[in-house]
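Structure record follows, encoded as structure tokens.
The values are calculated or read from the model by the stated rules, or taken from the named source; none is laboratory data. Predicted model, so just to flag it, every value in this text is computed and none were measured. For neighbour counting, all protein chains shown are included, and Cβ atoms are generated from backbone atoms with ideal geometry for every residue, glycine included.
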Amino acid sequence: MAEQISVSSWIIPLVIVAVFLHGLIKNVRVFEVFTQGAQEGLLLAIKLVPYLLGIYVAVSIFRESGAVDLIVKALNPVIRLLEIPADALFLSIVRTLSGPAALSMMVEIFDTYGPDSFMGRLASTLMGSTDTTFYVIAIYFGSIGIKKTRYSVPAGIMADFASLLASVYIVKRLFE
Amino acid sequence: MNWIFAFLILGGIFAAAWNGKMDSITPAALEAAKTAIERAINLMGVVGFWLGIAKVAEESGLINSISRFIAPLFRWLFPSIPKGHPAMGSILMNLSANMLGFGNAATPFGLKAMKELQTLNPNPDTATEAMCTFLAINTSSVTLIPATIIALRAAAGSQNPSEVLGAILFATTCSTLVAVVADYAFRLFYRKIERR
């Protein structure tokens, strides 16, 4: 486990070293080029601000209102049929909207059930295999002014649902 | 997106009325607005830094040589991106950062990839097929080292924090496969209805 963490704390610095060394070898004026790239990045980030604002406010209203509970209740028959715990469904819905909120939910599940319980493992697996679909779609398309997102939302939801089913299946299979 | 946005806000407010939680809506919304700006400022630093690094890698030809290595797979996934286009490099960097579990590092490359994909777009307000494919793969999240999750499991007192690695790999592979297949199916389907 300690190995896991130290591996990832080494990777980024090593990547940076590799990039700069390669740049110097190839005679790139690294500082000037770095600042050019950083400028592009800053302009991009500024363009994002209104989209972030919109998404954060909308998601927080949705979460605070308890609307997710209503959806979970409405989907109850499906959940029973597929044997998905309600908490897991709740987590995977929150996960599509907000990364930090989903992470804190996972921690809450660890506290309630224990990290090595069925729910704890399922929550970990879910978090590791899904992403903040709506958030990513809104921010990525927003940054370049795309208004018609075509089929990216249904495709993203299908993938998230697949990882919910796959997580439930594999955690039952491996640990039960 | 307009529909999702409206659904989140209207659905949220109606649900709050139903659940009797109206009191907490306004403070939550304003608090979120504040958080969004804090995040945005944070993001500026991170995005600026990573795109600076990426620019160096791009100028030195490093990204080019790596993307040539992965090119065959990418050409199959993204048939509409011409050979050697900078979008390939950014997509590659985004997916690698994602795989290693560096959420923060992935976003700048993802945004850059979208910007470059947009240069190939004949209708600037409509998503291209390459963008949809990219987002499908991206949001299905191919994670190899979920560092944050393992750290949080350890913090919660797990006996074996990394025992979920295999399960995550299985689930993430399933969801990415579904994403690729769904994207492909939707692409064909949309081509048909949009031609009409």
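Points worth noting:
- For beta carbons closer than 8 Å, sequence separation of 6+ or different chains, a first residue in the stretch B:24-37 that is touching a residue at least 12 places away in the same chain (Cβ under 8 Å) and a second that is surrounded by 15 or more Cβ atoms within 10 Å (Cβ to Cβ), the qualifying pairs are B:I25/A:I61; B:I25/A:E64; B:I25/A:S65; B:I25/B:G12; B:I25/B:I13; B:I25/B:A16.
- Hits in the stretch A:29-58 - residues which are crowded, with 23+ Cβ neighbours inside 10 Å and either more than 7 Å from chain B (Cβ to nearest Cβ) or touching a strand residue (DSSP E or B) at 6+ places or on another chain (Cβ under 7 Å) (or both): A:I55
- The residues listed here are A:I5, A:I61, A:I79, A:I16; of these, the one that is in a helix (DSSP H, G or I), at the interface with chain B (Cβ under 7 Å from one of its Cβ atoms) and at pLDDT below 80 is A:I5.
- Take the conditions (1) at the interface with another protein chain (Cβ under 7 Å from one of its Cβ atoms); (2) over 21 Å from A:T130 (Cα atoms); (3) touching a Pro at 6+ places or on another chain (Cβ under 9 Å); B:E116 misses just one of them, which is (1).
- Residue-level check: of (1) of a type in the set (A, V, I, L, M, F, W, C); (2) touching a Phe, Trp or Tyr at 6+ places or on another chain (Cβ under 9 Å); (3) facing chain A (nearest Cβ under 8 Å); (4) surrounded by fewer than 18 Cβ atoms within 10 Å (Cβ to Cβ), B:F7 misses just (3).
- Subset of the stretch B:170-189 (residues that are within 7 Å of chain A (Cβ to nearest Cβ) and without any contact (Cβ under 8 Å) to a residue 12 or more places away in the chain): B:F170, B:A171, B:C174
- Leading residue by the ranking (farthest from the chain's Cα centre (by Cα)) among those in the stretch B:147-169 that are closer than 20 Å to B:A97 by Cβ and either more than 7 Å from chain A (Cβ to nearest Cβ) or of a type in the set (S, T, N, Q) (or both): B:L165
- Residues in the stretch A:119-151 that are facing chain B (nearest Cβ under 7 Å), part of a helix (DSSP H, G or I) and within 16 Å of the chain's Cα centre (by Cα): A:S124, A:T125, A:M127, A:G128, A:S129, A:T133, A:F134, A:V136, A:I137, A:A138, A:Y140.
- Identity of the residue in the stretch A:64-105, hydroxyl-bearing (S, T, Y) and under 21 Å from the mean Cα position of the chain (by Cα), that ends up surrounded by the fewest Cβ atoms within 10 Å (Cβ to Cβ): A:S104
- If you go through the stretch A:112-133 and keep only what is of a type in the set (A, V, I, L, M, F, W, C) and in contact (Cβ under 8 Å) with a residue 40 or more places away in the chain, you end up with A:F118, A:L122, A:L126.
Conditions tested, residue by residue: (1) out of contact with any Pro (no Cβ under 9 Å at 6 or more places or on another chain); (2) surrounded by 24 or more Cβ atoms within 10 Å (Cβ to Cβ); (3) of a type outside the set (F, W, Y); (4) modelled with pLDDT under 85.
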residue	(1), (2), (3), (4)
B:P86	yes, no, yes, no
B:N123	yes, no, yes, no
B:Q159	no, no, yes, no
B:G166	yes, no, yes, no
B:A179	yes, yes, yes, no
B:F189	yes, no, no, no
B:K192	yes, no, yes, no
